[in-house]
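Structure record follows, encoded as structure tokens.
Values quoted throughout were computed directly from the atomic coordinates according to the rules given, and no laboratory measurement underlies them. This one's a predicted model, so the numbers in the text were calculated from it and none came from an experiment. Note that we place each Cβ from the backbone using ideal geometry, even for glycine, and neighbour counts take in every protein chain shown.
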Ligand code: ARG
């Protein structure tokens, strides 16, 4: 960070010299992170100046100039011609300085009635809503792939485990549809988060409103928000709270990913040998030529720790009194890290799942007749025995009769069971949420 103060909005023409290192300390990483928020910030600035024109703080002609200049900045940024670097304190300052550079005195009007406090809230919220939309789309895609695989593998036998011990015969369909249904629930949780976050903080300024008749409903609707976040103190206090809610949505999804990754890595061992990853999804060993490692699944499993670390960091820094404190800036990094990790993980999943091979013979061979003990007990119940007595008889080894693994599966007819998977019900919920 240069120690030149010419890029500080609040300095009196660069006269407020700062002690060496202080500005770099305050703004160092923030300006890099603002690259994720910059386009949203420009959009929010466009809405803000439109609002200023609506209450005659600027003229319609001036508004046009602002809009054109902000559009120019957007395209310059997208083409890499405008660089957000350490000469600016933050992305907010960069926008205002660009406007002033291009429009002279008019540019100085852009920040009328706005604080960087409501500005950062607004662009963060737009960013989170956009990211949740993307995450939601890929979660829906993963759920659809899992439902497709479940449909394909209705008859593929595998052991069902409890305590990692063979328990009852199961099918690949039941195993995988379990993850699909959970992801569908996560989608409805994401929707709730989207509703919570879909509220405009713009116009609350530093956290107390301003003595101008800002049309907050107008700017909210220009930005596509569902409603206005009414109270300015709450707007500030929701910084961190909303980030946590967003990460919580990621956490639900990534917890499922971790569990699925765990199952897959276990089922890929030579001891299980139930599934294999496509060669192009495995990695080699630097020393052992025989190895094909599922590193990608392990990193997917580990990624939840990144989300949890991010949540912990934000929870810890939120021990604050109400209103804006610069501490809150430190919620930006973990939020972005958590979101990027979630997206990167999920985006690999559809292809990874589709490219897996299910070793159906090995899976079926692992289903043994002793796993039918519960079936034997229940068969006796059907013939009038009390379950506890039937259980003891089945346990004492002298099972007989015509129960087979196939009939056991065919008889799981209640909803969700192997013979009545309810995939269509899960699919319908998915369609409604996707
Ligand atoms: N980079 C700052 C943040 O993320 C922007 C807001 C600065 N506001 C202030 N009052 N210094 O919080």
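Cα axis of helix 22-33 to longest principal axis of the chain: angle in degrees, 0 to 90, nearest 10?
In the chain, helix 22-33 runs at an angle near 50 degrees to the longest axis.
Tell me the Kirkwood radius of region 339-434: reciprocal of the mean inverse pair distance over distinct alpha-carbon atoms, in Å.
17.1
Between residue 32 and residue 85, what length comes free when the chain is fully extended (0.36 nm per residue of separation minus the Cα-Cα distance, one decimal in nm)?
On the way: separation 53, 0.36 × 53 = 19.08 nm, distance 0.71 nm.
Using 0.36 nm per residue and subtracting the Cα-Cα distance, I get 18.4 nm.
With n ≥ 4 as the cut-off for DSSP H runs, can you work out [θ] at 222 nm for the chain, using -39500 (n - 2.57) per run divided by the number of residues, rounded to the nearest 500? Don't skip to the answer; put the middle values down first.
On the way: 16 runs with 252 residues, N = 434.
Helix-only estimate at 222 nm: -19000 deg cm²/dmol.
Under 16 Å from a label point 7 Å along Cα→Cβ of residue 320: give me every residue in region 116-150 with its amide N that close.
The answer is 116-125, whose backbone nitrogens lie closer than 16 Å to the label point.
Treating only the Cα positions of region 191-250 as identical point scatterers, give the base-10 log of I(q)/I(0) from the Debye formula at each q in 0.13, 0.16, 0.18, 0.19 Å⁻¹.
-0.35, -0.51, -0.63, -0.69
List residues of region 192-209, by number, whose backbone nitrogen lies under 15 Å from a label position 7 Å along Cα→C-beta of residue 233.
What the label zone holds, given the 15 Å backbone N cut-off, is 206-209.
Just the number, please: Stokes-Einstein D of region 135-264 in µm²/s, Kirkwood Rh from C-alpha pairs, 20 °C, 1.002 mPa s.
The estimated diffusion coefficient comes to 121 µm²/s.
Could you work out how far apart the two model spin labels at residue 278 and residue 407 are, taking each label as a point 7 Å from the Cα in the direction of the beta carbon, and quote it in nm?
Each label point is offset 7 Å from its Cα along the Cβ direction, giving 4.2 nm.
Cα gyration tensor of region 1-140, axes a ≥ b ≥ c as square roots of the eigenvalues: rounded (a/c below 1.5), prolate (a/b > b/c) or oblate?
Taking the square roots of the gyration eigenvalues as a ≥ b ≥ c, region 1-140 is oblate.
Along Cα→Cβ, 7 Å out, is where each label goes; now give me the distance between the ones at residue 19 and residue 288 in nm to one decimal.
In this crude spin-label approximation the distance works out to 5.5 nm.
For the peptides 286-298, 33-45, 59-71, what is the packing order when you average, over each peptide's residues, the other Cβ atoms within 10 Å and list the highest mean first?
33-45, 59-71, 286-298
Tell me, what is the percent relative contact order of the chain, built from C-alpha pairs under 8 Å that lie six or more residues apart?
Numbers: 596 pairs, mean separation 73.8, N = 434.
After rounding, I find 17 percent.
How far is helix 38-54 tilted off the main Cα axis of the chain, in degrees rounded to 10, range 0 to 90?
It is inclined by approximately 50 degrees.
Relative to the first principal axis of the alpha-carbon coordinates of the chain, what is the inclination of helix 172-197, with its axis defined by its Cα atoms, in degrees from 0 to 90 and to the nearest 10?
That works out to roughly 20 degrees.
With the radius of gyration and the Kirkwood radius both derived from the Cα set of the chain, what is their ratio Rg to Rh? Let's see the in-between values first.
Details: Rg = 28.7 Å, Rh = 25.5 Å.
Value, to two decimals: 1.13.
If you build the Cα gyration tensor of region 20-94 and take the root of 5 times each eigenvalue, what three semi-axes come out, in whole angstrom, biggest first?
Output for region 20-94: semi-axes of 27, 15, 9 Å.
Label points 7 Å out from Cα along the Cβ direction at residue 191 and residue 312: separation in nm?
Here the modelled spin labels are 3.4 nm apart.
What ranking of 175, 262 emerges when the number of other C-beta atoms within 10 Å of each C-beta is taken as an exposure proxy, fewest first?
262, 175
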